[in-house]
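Data block below; observations after.
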Amino acid sequence: MSLSSLPSIAFMGRSLVCGLAASLALVTGGPTFGQQAPAAATLPNERDLLFDELHRDVAAMERELGIYKRVVRLVAPSVVHVQAKPLADFRFRRDVEEAGSGVLVSVGGKNYVLTNRHVVKHSDPEHIRLELNDGREISPTEIFTDPETDVAVLAVDSPDLIPARVGNSDHCEIGDPVMAFGNPFNLRQSVTRGIISGMGRSNLDLGDGGVDYQNFMQTDAAINPGNSGGPLINLRGEIVGLNTAIASNSGGNDGIGFSIPINIAMSVTRQLVEHGKVDRGFLGVMLDGNFNLEAARSAGLPRLMGALVKQVTERSPAALAGVQTNDVILRYNNAAIENDQHLINLVKLSDVGRPVEMVVLRGGQMVNVQAQIGRLDDFVAETEAALKAVPPK
């Protein structure tokens, strides 16, 4: 959908009388119609004392709320408006986005704009305009994309760029305050705030060309069309997520937005710029897609959860870690496994070589298992080499 026109803006009031009553209650701190209002402060000395008290209370509050202003000053120079003119074949399609957001990051001493693939996938470097916070407009020199995570990386070459600081999304928890930066409805440099309201969201239906491997953070910070690709920031001024999607009945913000954890986005980014492709994690288990509530209860679980191991591949990372057939994998690092697809997503999004802690249910007992995530291509090559080394009978 084109975001070149502004949406209509209207006040949201129930009625003039009710709205006035509510406004009076807010101003006076008192009741609405039908209730006895306190006497107003009319004497000059009394009003001066009340103003002094109000100023002291606000000053104390501003020392805390001022953190948000400081975050904005530090992060805003790194936020980019992305205008991606579609190529000729996609010009008049209503489902093609033409505008989004991005954030400057540094990888290997070079600057890149991190954004969503769906923002730029119908364009090319010649037709993409990046508007910086200081008003400059530049174009990317190269585009790297990963369809399976919806991450896009735009190489840029311009002086005096200010990359954002990258945080650690593994340390994020539900309830953490966050701020969403971007350009919703082409309204440049907008900022909203909220909290992280959920973790590990997957199996979201994102339409045609959606994200194959999902492990979203959920936030109630307002995210609207045009925010795609913009950063989700913690109160330390660090990127913790890449704003990607919303759940909405209206097409606008309903308080449920989804962000790609920055650890995943930066892992994809580094692989794209260094190798031109992304290696997916490999564990080496076949999961039972028919694992249901009855089977879960038979295994000793109170409800349907986890992923049932149907088979373990020989010499795979799972086999080396001691994972067994009929194990139910309940936790993967700090994430509680919801189902088989959830586990697949987490494994595919894990860095190759990364050690992971798992908790499995085996014979009614909880067992801790540590595995090292492998690369499927390496495993296939090693298996083929091992088979060749076996002398024929």
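The values are calculated or read from the model by the stated rules, or taken from the named source; none is laboratory data. Everything quoted here is computed from the prediction, not taken from an experiment. FYI the Cβ positions are ideal-geometry reconstructions off the backbone, even for glycines, and counts take in every protein chain you see.
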**Q.** Which listed residue, of T244, T219, is of a type in the set (S, T, N, Q), at pLDDT 95 or above and closer than 21 Å to V72 by Cα
**A.** T219
Q) Quick check, is E274 free of Cβ contacts under 8 Å to residues at least 12 places away in the same chain and in a helix (DSSP H, G or I)? A) no
Q) Of the conditions (1) assigned to a strand (DSSP E or B); (2) within 16 Å of A371 (Cα to Cα), Q324 fails just one. Which one is it? A) (1)
Q | Which listed residue is part of a loop (DSSP other than H, G, I, E, B), buried (at least 19 other Cβ atoms within 10 Å of the Cβ) and not polar (S, T, N, Q), from G226, G200, G175 | A | G226
**Q.** Output for segment 101-131, where each listed residue is more than 16 Å from N186 (Cβ to Cβ), of a type in the set (A, V, I, L, M, F, W, C) and without any contact (Cβ under 8 Å) to a residue 60 or more places away in the chain
**A.** V113, V120
Q. What residue, of L154, L187, L114, L104, is under 30 Å from S197 (Cα atoms), out of contact with any Lys or Arg (no Cβ under 6 Å at 6 or more places or on another chain) and in the same structural domain as G229 (by TED's automatic domain parsing)?
A. L187
Q) In the list R270, R303, which residue meets the criterion of being assigned by TED's automatic domain parsing to the domain that holds E338, among the basic types (K, R) and either buried (at least 18 other Cβ atoms within 10 Å of the Cβ) or out of contact with any helix residue (DSSP H, G or I) (no Cβ under 6 Å at 6 or more places or on another chain) (or both)? A) R303
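Each row is one residue, and each column tells you yes or no for (1) within 30 Å of I174 (Cβ to Cβ); (2) modelled with pLDDT under 90.
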| position | (1), (2) |
| --- | --- |
| N334 | yes, yes |
| I344 | yes, no |
| V347 | yes, no |
| M358 | yes, no |
| V369 | yes, no |
| I373 | yes, no |
| V380 | no, yes |
Q: Scan segment 306-331 for residues that are among the small types (G, A, S) and surrounded by fewer than 21 Cβ atoms within 10 Å (Cβ to Cβ) and jot them down.
A: S316, A319, A321, G322
Q.
Looking at R73, R91, R129 in this structure, which one is within 20 Å of P225 (Cα to Cα), over 19 Å from the mean Cα position of the chain (by Cα) and exposed (fewer than 14 other Cβ atoms within 10 Å of the Cβ)?
A. R91
Q. If we scan segment 76-92, do we find a residue that is out of contact with any Cys (no Cβ under 9 Å at 6 or more places or on another chain), touching a residue at least 24 places away in the same chain (Cβ under 8 Å), among the basic types (K, R) and over 20 Å from N183 (Cβ atoms)?
A. no
Q) Could you say whether any residue in segment 136-144 is within 16 Å of S228 (Cβ to Cβ), in contact with a Ser or Thr (Cβ under 9 Å, 6 or more places away or on another chain), surrounded by 14 or more Cβ atoms within 10 Å (Cβ to Cβ) and at pLDDT 95 or above? A) yes
Q) Taking V268 and the conditions (1) within 18 Å of M199 (Cα to Cα); (2) aliphatic (A, V, I, L, M); (3) within 21 Å of the chain's Cα centre (by Cα), which numbered condition does it fall short on, given that it satisfies the others? A) (1)
Q: Kindly indicate whether N249 is of a type in the set (S, T, N, Q), under 16 Å from the mean Cα position of the chain (by Cα) and either under 25 Å from A152 (Cβ atoms) or assigned by TED's automatic domain parsing to the domain that holds A221 (or both).
A: no
Q. Residues L65, L74, L104, L49: which one is aliphatic (A, V, I, L, M) and more than 30 Å from N263 (Cα to Cα)?
A. L49
Q. Restricted to segment 159-172, and to residues that are part of a loop (DSSP other than H, G, I, E, B) and either touching a residue at least 40 places away in the same chain (Cβ under 8 Å) or in contact with a His (Cβ under 6 Å, 6 or more places away or on another chain) (or both), which residue is farthest from R129 (Cα to Cα)?
A. C172
Q) List, please: which pairs have Cβ atoms under 7 Å, are six or more places apart or on different chains, and start with a residue in segment 289-302 that is over 13 Å from E338 (Cα atoms) and end with one that is in a loop (DSSP other than H, G, I, E, B)? A) G300/G364
Q: Kindly indicate the residue of segment 285-304 that is part of a loop (DSSP other than H, G, I, E, B) and closer than 14 Å to I344 by Cα and also modelled with the lowest pLDDT among those meeting that condition.
A: G289
